[in-house]
Amino acid sequence: MSDTGSQGQGFEASLSEASETVAEFEEERTMVRRLQHLLHANPSLVPFVVLVISIVTVGLYIDWEAIQVAMGWARLEEVSVGRFRFFSGRTMALILDQVQIVGILALAQSLIVLTAGIDLSVGAIAVFSSVVMGQFTFRYGIPPTFAVMLGLAVGTSIGALSGWLVSRIKLPPFIVTLGMWQIVLAGNYLYSRNETIRPNDIAEQAALLHLMGWDFQIREILGYEAIRGGANIPLGVVLMLILAGGLAYALRSTPWGRHVYAVGDDPEAAELAGVNTRKTLMSVYILAGLICAVAGWVMIGRLGSVSPSASTGQIGNIQAITAVVIGGISLFGGRGSILGALFGALIVNVFQLGLPMAGFDSQWTFLLIGILIIGAVTVDQEIRKVSV
Amino acid sequence: MTRPVLQAKGLVKRYGRVTALDHADFELYPGEVLGVIGDNGAGKSTMIKAVSGAVIPDEGEVLLEGQPVNFTSPIHAREHGIETVYQTLAMSPALSIADNMFMGRELKKPGWRGQVFGMLDKPAMETFAREKLTELGLMTIQNIKQAVETLSGGQRQGVAVARAAAFGSKVIILDEPTAALGVKESRRVLDLINDVRARGIPIILISHNMPHVFEVCDRIHIHRLGRRLTVINPGDYSMSDAVAFMTGAKEPEQAAA
């Protein structure tokens with residue numbers, strides 16, 4: 001220390017005797033703290049647990065009599081329904097079949113929400129892409145292979161346009177996608193002249209459009225009777241799972257994924273730390289547009305027809321946001337796991353299928369989903385209090 | 001006199017009708033710790049941002065080792081070996097210590113996993129982060145994967161300083177590094193500044209804390225009204241003189257530099 005420094009030294013003279021434990025990464029670990037840290041590190045754990053609880057609860061309620069019979073607690077003659085209705089391959093496959101469109105849209109929505117944005121146009125992009133695939137094939141006679149590729153390109157371009165408006169013009173994502181939702185949906189009606197392409201025509205002339213609806217029996221694949229009932233899994237579900245796996249990998253284990261989280265967490269900090277925030281945002285919106293277009297292709301397989309008035313265009317955005325929120329992805333950006341969104345979509349579908357099956361009014365589904373949404377955000381707030 | 005490592009000549013930056021920099025000059029010499037002090041709004045932050053690429057000046061030039069450079073972004077400046085620890089720390093609270101240390105310059109796995117799938121080399125990044133934090137005496141134990149938001153203010157500062165020290169090859173800029181810290185944690189940072197100087201890397205220290213500035217700095221650049229008022233040797237003046245200069249209560253007799 002030079003003598004010039006002596007002016008600053010007096011007040012620190014006693015420091016040599018001070019405790020040397022500085023800046024330790026230690027803290028007391030109570031059960032609550034541990035749970036908080038566990039959830040903080042594994043954000044998709046909550047929706048996963050909720051999903052398991054939902055399945056078990058709904059299943060026990062519906063199949064209670066069948067369980068009694070199976071366990072030997074009751075004889076078949078004593079109960080009204082002796083077979084498994086919910087815990088059957090058919091029901092489980094039906095849930096997956098019904099979740100595929102919203103599930104894929106939720107993946108796109110997750111990417112946007114992770115960057116602290118929101119995308120109201122996901123459903124509209126999906127419907128418009130499906131219309132492009134159909135109309136290009138039937139109106140212009142373009143081979144289905146190219147029509148599908150062009151449909152995917154259209155969805156990607158719409159995503160790119162939104163991304164440009166958000167990242168370059170700095171418009172709020174809510175406004176950009178609110179406008180884009182209306183524009184794309186209106187364009188979809190205008191372009192298609194509100195015509196629906198019938199399933200039979202597609203099956204005869206352009207079977208490729210139906211590819212995502214092609215299904216197979218798990219039983220045949222596995223080669224043994226593992227699953228009760230006919231469990232048919234369409235290709236769209238497989239694609240959804242592959243997409244979810246791929247995105248989960250990319251978000252967790254590539255520089256791009258880390259940048260997506262950093263941009264959503266604190267864009268200024270990310271920029272200063274050396275992340276190209278514009279490029280990252282652009283890539284996210286482009287990829288989300290492509291995924292929405294894929295959802296459009298899956299829609300053709302699921303619905304059979306190409307319809308510009310498919311309900312996904314109107315409510316797909318809210319369904320996807322619901323799945324994302326229940327899936328534990330923070331609307332403030334930078335937190336959550338994309339697998340959570342998939343769990344969120346599944347939770348909604350378990351209720352949608354299970355509650356009517358159990359004899360409840362279907363309004364109970366929406367009531368429960370409403371509670372789940374508020375509950376999920378509450379949990380998110382609590383988890384974020386982990387910071388000291 | 002030796003050539004400055006980093007030099008700025010006649011920097012001007014206007015924000016609408018406000019002139020934040022009014023033909024400001026600046027020199028940083030090899031191996032020194034240069035303090036930059038000035039009252040709030042004097043333009044010292046803008047000047048530091050101009051030499052570190054976060055702000056693009058309207059006029060004037062920046063020279064790195066005598067060569068004119070036009071930094072268009074902090075990343076650009078960083079590629080030239082200038083590392084900045086911002087007052088806001090520029091860290092993503094929800095991401096881990098290792099993620100934050102390598103943000104924007106991640107290590108990928110060697111071979112196809114890195115090239116084809118862009119897979120991060122997390123073990124290598126974690127080992128490196130742990131080493132750097134241990135060097136600073138910040139890493140007594142625990143989890144390099146824990147989120148930065150679970151750390152205390154001082155620990156976060158330590159991680160940010162460690163990041164700059166690990167990657168800065170020519171200049172390290174510290175913006176108010178001790179402002180949020182307790183007495184003992186501040187001492188660690190000051191010791192670290194001396195360590196980094198001993199390695200020959202010059203440091204720019206922006207601070208309001210006069211005792212800290214007077215303790216570690218070789219020269220003190222006093223900024224006032226958008227330009228350099230003077231550069232003083234901390235041995236020649238008292239802290240109250242420095243405060244008088246930067247607030248305009250007193251005028252320096254002659255420029256020391």
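Quick notes on this structure:
- First in the range B:39-59 and among the hydroxyl-bearing types (Ser, Thr, Tyr), second anywhere and crowded, with 24+ Cβ neighbours inside 10 Å, Cβ under 6 Å, 6 or more apart: B:Thr46/B:Leu21; B:Ser52/B:Ala77; B:Ser52/B:Ile82; B:Ser52/B:Thr84; B:Ser52/B:Ile173
- So A:Phe86, is it open to solvent by less than 10 Å² (accessible area, probe 1.4 Å), aromatic (Phe, Trp, Tyr) and farther than 26 Å from A:Lys279 by Cα: yes
- Of the criteria (1) within 14 Å of chain B (Cβ to nearest Cβ); (2) surrounded by 23 or more Cβ atoms within 10 Å (Cβ to Cβ); (3) of a type outside the set (Phe, Trp, Tyr), which one A:Thr277 fails: (2)
- In this entry, B:Arg130 is excluded by the filter for residues that are among the charged types (D, E, K, R), within 22 Å of B:Glu79 (Cα to Cα) and either touching a His at 6+ places or on another chain (Cβ under 6 Å) or surrounded by fewer than 18 Cβ atoms within 10 Å (Cβ to Cβ) (or both).
- Within the range A:280-303, being open to solvent by less than 10 Å² (accessible area, probe 1.4 Å) and farther than 30 Å from B:Val159 by Cα holds for A:Tyr285, A:Ala288, A:Gly289, A:Ile291, A:Cys292, A:Ala293, A:Ala295, A:Gly296, A:Val298, A:Met299, A:Ile300.
- Pairs, first within 14 Å of chain A (Cβ to nearest Cβ) in the range B:64-77, second of a type in the set (Ser, Thr, Tyr) and assigned to a strand (DSSP E or B), C-beta under 8 Å, six or more apart: B:Pro74/B:Thr84; B:Ala77/B:Thr84
- Of all the listed residues (B:Ile201, B:Ile193, B:Ile173), the sole one being more than 13 Å from every other protein chain (Cβ to nearest Cβ) and crowded, with 20+ Cβ neighbours inside 10 Å is B:Ile201.
- The helices (runs of 4 or more DSSP H) falling completely within the range A:152-222 that include 1 or more residues that are buried (at least 22 other Cβ atoms within 10 Å of the Cβ) map to A:173-192, A:199-205.
- Total residues in the range B:1-40, condition within 14 Å of B:Leu63 (Cα to Cα) and assigned to a strand (DSSP E or B): 11
- Counting only residues that are in a helix (DSSP H, G or I) and either closer than 23 Å to B:Glu149 by Cβ or of a type in the set (Gly, Ala, Ser) (or both), the range A:234-265 holds 20 of them.
- Checking each residue in the range A:248-268 for being within 7 Å of another protein chain (Cβ to nearest Cβ) and among the hydroxyl-bearing types (Ser, Thr, Tyr) picks out A:Ser253, A:Thr254, A:Tyr261.
- Answer residue from the range B:94-106, given it is farther than 13 Å from B:Thr150 by Cβ and open to solvent by 20 Å² or more (accessible area, probe 1.4 Å) and is nearest to the other protein chains (Cβ to nearest Cβ) among those: B:Gly104
- Scan of the range B:185-229 for residues that are of a type in the set (D, E, K, R) and closer than 18 Å to B:Asp39 by Cβ, ordered by number: B:Arg224, B:Arg227, B:Arg228
- Residue check, A:Phe332 under 19 Å from A:Gln98 (Cα atoms), modelled with pLDDT of 90 or more and open to solvent by 60 Å² or more (accessible area, probe 1.4 Å): no
- Some residue of the range B:84-93 being more than 9 Å from every other protein chain (Cβ to nearest Cβ) and open to solvent by 40 Å² or more (accessible area, probe 1.4 Å): yes
The values are calculated or read from the model by the stated rules, or taken from the named source; none is laboratory data. What you see is a predicted model; the values in this text were computed from it and never measured. Glycine gets a Cβ as well: all are built from the backbone with ideal geometry, and neighbour counts include every protein chain shown. Quick note on the areas: whole protein, heavy atoms, side chains included, nothing else; ligands and nucleic acids left out. Shrake-Rupley method; radii C 1.70, N 1.55, O 1.52, S 1.80 Å.
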